[in-house]
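S.K.: Sharing a structure below in structure tokens format, with a few things to ask.
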Amino acid sequence: MREGIIKDGKAILRHSPIELIEHWVLALSGLLLIFSGFGELPMYKRYMVTQIPGLGWAGDFFINLKIHYLAGIVFVSIMVFHAIFHGWLRHQGLLPQKGDFKASLITLLSMFGFGKEPKSDKYLAEQRLAYTYLGGVGLILVLTGLVKVIKNLPGVYLSPTLITSMTLTHTFATIFFLLGVLAHLAALIFKVNRPLTKSIFTGEVDIEYVKERHTVWYEELMKNKVKAKVEAEDKEKAEVEEEERGEEARVTDLGTELGKGDEIMATILKVKGMSCQHCVMSVTKALSQLEGVENIQVDLEKREVRFDNVKGVAAEQIAKAIVDAGYEVVQD
């Protein structure tokens, strides 16, 4: 499903179902990773999280370890899918662009009433920066997490220094990832960002919001809509013209067939003097030499000659050919 204007021009489809699934699978698996990661530390018992009804298991190291591994598999899988899928389709809307830091600062100041927010495309500058930040931190988490898994495999030896550095990096990356998620959610505190909440669940966003804030994207969508309308009209016009040409051709063919039918109506002449097969051959040969006279049949009993005058040979010319052969055409 492609982005575009829907619901009679009242909304715009911002995210496809695949993108929504990606978002929620990544978000939920990421939250599980954070929760289970801290659960592997002696934190939840210390801070009495396990006293909350239904979270008694949160203090169990092995349960959290299993959750962490399963969530990690899902997290890595969706990241790989995201990279391959959007890379294949060449989606570059969320990749950082030159001037994003400056545009983000101007946008942030405008939220507090200082200045005017710059025109934006489908994604705001700060959204592209947040995507890059979370993607980079997420990649660090994956790489360091793989090292932590590999060190537990039988027959694998890694130096204590490497293990310690990877563990610390993984821990700090977790903290930075959590901060990024909190900042991402905190953006909804600002009223100007709240219309985007709907798109997280439905993929749709109000067209007035897009028109006001994502001006560049809105203008591109309108341009594509007009272009699609013109192409549809041109296609419909071409189909009508093609149908009309086909109808004209059919009429012409029908006229031609009717004309042919008139031309090839069998002509019957009474011929005097024919009495044998030799006469049949003579008359047939005489008429055959006239271009356009076909299907010649001689009936001795009726003293008639039947033929098709395909090209409308003059009656005088036909009669002359018969007379020259030694016979007489009897006029009715």
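Each reported figure results from applying straightforward, stated rules to the coordinates on display, with no laboratory input. Here the structure is a predicted model, which is why all the values come from computation and not from measurement. Cβ atoms come from the backbone with ideal geometry, glycine included; neighbour counts cover every protein chain shown.
S.K.: Give me the angle, in degrees from 0 to 90, between the Cα long axis of helix 315-324 and the longest principal axis of the Cα atoms of the chain, rounded to the nearest 10.
M.R.: With both axes taken from Cα atoms, the answer is about 50 degrees.
S.K.: For the chain, what does -39500 (n - 2.57) per DSSP helix run (n ≥ 4), summed and divided by total residues, give at 222 nm, in deg cm²/dmol to the nearest 500? The partial results should precede the final answer.
M.R.: Working: 10 runs with 201 residues, N = 332.
It comes out at -21000 deg cm²/dmol, rounded to the nearest 500.
S.K.: At a threshold of 8 angstrom on Cα-Cα distance, excluding pairs fewer than six apart, so keeping six or more, what relative contact order does the range 4-213 reach in percent? Kindly include the intermediate steps, with their values, before the conclusion.
M.R.: On the way: 186 pairs, mean separation 55.3, N = 210.
Computed value for the range 4-213: 26 percent relative contact order.
S.K.: Give, rounded to the nearest 20 debye, the magnitude of the charge dipole that the range 264-330 has about its Cα centre when Lys and Arg contribute +1 at Cβ and Asp and Glu contribute -1 at Cβ.
M.R.: Numbers: 8 positive and 9 negative charges, 24 e Å.
Roughly 120 debye, rounded to the nearest 20.
S.K.: Give me the dipole magnitude in Debye, nearest 20, for the chain about the Cα centre, with unit charges on the beta carbon: positive for Lys and Arg, negative for Asp and Glu.
M.R.: On the way: 38 positive and 41 negative charges, 591 e Å.
So the magnitude is around 2840 debye.
S.K.: A follow-up question, please. Students often get this wrong, so try it: which of (i) 72, 55, 39; (ii) 133, 61, 40; (iii) 160, 69, 34 is Cα extents along the principal axes in Å as calculated from the structure shown?
M.R.: Label of the calculated value: (ii).
S.K.: Helix 17-39: angle to the longest alpha-carbon principal axis of the chain, degrees 0 to 90, nearest 10?
M.R.: Relative to the chain, helix 17-39 is tipped by roughly 20 degrees.
S.K.: To the nearest 10 degrees, how steeply does helix 215-263 sit against the main Cα axis of the chain, on a 0 to 90 scale?
M.R.: 20 degrees
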